[in-house]
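Have a look at the structure below, then the notes.
The values are calculated or read from the model by the stated rules, or taken from the named source; none is laboratory data. Just so it is clear, the structure is predicted and the values come from calculations on it, not from any experiment. Cβ placement follows ideal geometry from the backbone for every residue including glycine, while neighbour counts extend to all protein chains displayed.
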Amino acid sequence: MQCTRKITEDITWVGCNDRRLAMFENIFPIPRGVSYNSYLIMDEKVTLMDTVDASATQQFIENIDYVLGGRAIDYLVVQHMEPDHCANILEMMRRFPEMKIVANAKTEQMIHQFFEVETQERMMTVKEGDTLSTGAHTLHFVMAPMVHWPEVMVSYDEKDKVLFAADAFGTFGALNGNIFNDEIDFERDWLADARRYYTNIVGKYGVQVQALLKKAAGLDIQMICSLHGPVWRSDLDFFIDKYDKWSRYEPEDQAVVIFYGSIYGHTEAAANALAVQLAEQGVKKIAVYDVSTTDVSDMIAEAFRCSHIVLACSTYNGGIYPPMENLLSDMKALSVQKRTVAVMDNGTWAPTAGKQIIKKLEEMKEMTVLEQTLSIKSALKDERADELEAFAKQIVDSLQ
Ligand code: FEO
């Protein structure tokens, strides 16, 4: 049974949803699933914008066959070679022997890396600024290297003013029939996953995302069609602003997030005491996460959202408690920067995690580590209430 939706008179979403995959890229939990979006442009020449993951081939073929109604595909535009989108290139080449692959030189090279296939007669190689006319529609190709791989390009349809954005403006989450942003409550139901997707998948490439946003600013875009998640046809500025902020590493909220790593619960108790103290001093919407039980992708998203981060950590094997070390290494890898950080540590005989955490923070860009640290020997005692209050106060002061 076909499962498609028209997005304009000539363009149809022929993508697929995956609610069976537990972890995207075998690393990110996706309890709400994910969509692999693909679009067919029905014009004098028929164009397919990317394919879908191998797991969704059957549905994809049914969708395409339904929309084609017996016609053949003339062009397959390959914007990105990650297998969640490129897995069906060979299948399309077999089914449509006259079809040309429209892609840049890097993409062609990657096609040969992934597949045993001869492309000599099948390629239409494009570069920055090239166009493809399919009849009424003209596609403009814009290179977007490292958003998210080096070969990525996006395509702008002049007629319908659609930006086919590759992974940009994507999000985790399967589409539940409502494929348009104005059919869902994006801010309530999708934003957290969109943030988690962006920060973990392309978070490292803020400079390249900024370059793409600058190029996109010169286009009259009425619709954004990403390879994952909803199609944007209204209030585009809302999502573009988020991308702008994320890619400049500016926090969305003046807010405090506390990440704690605790072995027997004493560091956790100290983190809770700090949260209460912060609340007493007027801080609202404090977020607290256990690094042992929270997926690191969620914590990265929160680190991007909040202006202030507290790291409260047990010392373990003379070092940083491993789940906290994992978070710090991901923060560095994904270029978390421009945050204010307060550090607490714990250790029964040698609390040294704090010093080592500060060293790691120094390896990140523009991290302001607050002067006062709080070091606990086994358990935080009531007699240190004043110290805790002062530790909280420095955070409050820096929030203002
Ligand atoms: Fe959705 Fe980078 O692939």
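Side notes on the structure shown:
- Number of positions in segment 27-48 that are part of a loop (DSSP other than H, G, I, E, B) and either within 13 Å of the ligand (Cβ to nearest atom) or outside the structural domain of A174 (by TED's automatic domain parsing) (or both): 4
- Scan segment 343-360 for residues that are buried (at least 20 other Cβ atoms within 10 Å of the Cβ) and either assigned to a helix (DSSP H, G or I) or within 26 Å of the chain's Cα centre (by Cα) (or both) and the total you get is 3.
- Among residues of segment 72-120, those that are aromatic (F, W, Y) and within 16 Å of the ligand (Cβ to nearest atom), counted: 1
- Condition check for Q79: of a type outside the set (F, W, Y), within 27 Å of G173 (Cα to Cα) and in contact with a strand residue (DSSP E or B) (Cβ under 6 Å, 6 or more places away or on another chain): yes
- Among the candidates V142, V154, V162, V209, the residue that is in contact with a Ser or Thr (Cβ under 6 Å, 6 or more places away or on another chain), within 23 Å of L236 (Cβ to Cβ) and in the same structural domain as L236 (by TED's automatic domain parsing) is uniquely V209.
Results for (1) out of contact with any Ser or Thr (no Cβ under 6 Å at 6 or more places or on another chain); (2) of a type outside the set (A, V, I, L, M); (3) closer than 19 Å to I320 by Cβ, shown as yes or no for each residue.
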| site | (1), (2), (3) |
| --- | --- |
| T267 | no, yes, yes |
| A273 | yes, no, no |
| G282 | yes, yes, no |
| D290 | yes, yes, yes |
| S297 | yes, yes, no |
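- Residue match in segment 159-167 (condition: over 26 Å from I41 (Cα atoms) and under 15 Å from the mean Cα position of the chain (by Cα)): no
- Among the residues of segment 161-213, those identified as over 22 Å from A22 (Cα atoms), among the aromatic types (F, W, Y) and within 16 Å of the ligand (Cβ to nearest atom) are F164, Y205.
- Within segment 299-319, residues that are without any contact (Cβ under 8 Å) to a residue 40 or more places away in the chain have Cβ atoms under 9 Å from residues that are crowded, with 22+ Cβ neighbours inside 10 Å and of a type in the set (S, T, N, Q) in these pairs: T315/N346, counting only partners at least 6 apart in sequence or on another chain.
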